[in-house]
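Chemist: The structure's right below; bear with me while I get my questions together.
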Amino acid sequence: MSEIRTGLGWDVHRIAAGRPMILGGVTIPCEFGLDGHSDADVLAHAVTDAILGAAALGDIGMHFPDSDPRWKGSDSLVFLRHAHDLAKQRGYRIVNVDATIILESPKLKDYRQAIRERLAATLGLEIERVSVKFKTAEKVGPVGEGRSAESQAIVTLERR
Ligand code: C5P
Ligand code: MG
């Protein structure tokens, strides 16, 4: 009998001029980007927390405090890989990842394949196990007004 566990992740970053927009390790061409201590990859942060959550290993800030100068401008795929390594060390493998990015603009659907490929490669998964979806916030609230971007993720782990 295998053990199945699910984990939930959520993150938000402010939109800012003069910053890159990096989502799942993919740079999106855009006049604005996401503000943060690291590279502010809101999708990578949500997926990282979902992995940590499924394995009950705390959260991203516990492993990578944003007060630590080592993580300033950091590639967030490093956090994702580390969370995955911790889960693997405990005998877990990822069954699937499903995520949503909520961003008013730009449109992201043309980058879906690139983002899925990057996440899958980072986690050593077949692309079919990685799903990324996009939504606007219908012009309502901070996301809808173009002031922030959010991401939600759910990850299923299996341990035999
Ligand atoms: O938010 P809404 O339901 O209007 O989004 C419709 C579709 O537009 C989504 O299913 C998604 O395919 C696409 N979309 C996108 N990039 C965004 C927001 C939505 O490609 N930033
Ligand atoms: Mg974050």
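The values are calculated or read from the model by the stated rules, or taken from the named source; none is laboratory data. These numbers were taken from a predicted model, which means no experiment stands behind them. Note: ideal-geometry Cβ built from the backbone for every residue, glycine included; neighbour counts use all protein chains shown.
Residue-wise test of (1) on the phi > 0 side of the Ramachandran plot; (2) surrounded by 16 or more Cβ atoms within 10 Å (Cβ to Cβ); (3) touching a residue at least 40 places away in the same chain (Cβ under 8 Å).
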position: 71; (1), (2), (3): no, yes, no
position: 77; (1), (2), (3): no, yes, yes
position: 83; (1), (2), (3): no, yes, no
position: 90; (1), (2), (3): no, no, yes
position: 95; (1), (2), (3): no, yes, yes
position: 98; (1), (2), (3): no, yes, yes
position: 103; (1), (2), (3): no, yes, yes
position: 109; (1), (2), (3): no, no, no
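Chemist: Here is a further query. Within region 112-160, can you find the residues that are part of a loop (DSSP other than H, G, I, E, B), modelled with pLDDT of 95 or more and either within 13 Å of residue 43 (Cβ to Cβ) or more than 16 Å from ligand 2 (Cβ to nearest atom) (or both)? Walk me through how you get there before you give the answer.
Modeler: Looking only at region 112-160, we keep the residues that are part of a loop (DSSP other than H, G, I, E, B), and these are 124-126, 136-140, 145-147, 160.
From what's left, modelled with pLDDT of 95 or more: 124-126, 136-140, 145-147.
Across region 112-160, the qualifying residues are 124, 125, 126, 136, 137, 138, 139, 140, 145, 146.
Chemist: Looking at this structure, is residue 48 without any contact (Cβ under 8 Å) to a residue 40 or more places away in the chain, of a type outside the set (A, V, I, L, M, F, W, C) and touching a helix residue (DSSP H, G or I) at 6+ places or on another chain (Cβ under 7 Å)?
Modeler: yes
Chemist: A follow-up question, please. Quick one: count up the residues across region 5-46 that are hydroxyl-bearing (Ser, Thr, Tyr) and either part of a loop (DSSP other than H, G, I, E, B) or touching a Gly at 6+ places or on another chain (Cβ under 7 Å) (or both).
Modeler: 1
Chemist: Would you be able to say whether some residue in region 83-100 is within 24 Å of residue 32 (Cα to Cα) and either part of a helix (DSSP H, G or I) or among the small types (Gly, Ala, Ser) (or both)?
Modeler: Scanning region 83-100, I find at least one residue that is within 24 Å of residue 32 (Cα to Cα) and either part of a helix (DSSP H, G or I) or among the small types (Gly, Ala, Ser) (or both), so the answer is yes.
A quick yes/no check of all residues on (1) under 11 Å from the mean Cα position of the chain (by Cα); (2) farther than 19 Å from residue 121 by Cβ:
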{"position": "11", "(1), (2)": "yes, yes"}
{"position": "57", "(1), (2)": "no, yes"}
{"position": "70", "(1), (2)": "no, yes"}
{"position": "88", "(1), (2)": "no, no"}
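Chemist: Another question about this same structure. Can you work out which of the residues in region 111-128 that are among the aliphatic types (A, V, I, L, M) and under 17 Å from residue 27 (Cα atoms) is surrounded by the most Cβ atoms within 10 Å (Cβ to Cβ)?
Modeler: Here the answer is 119.
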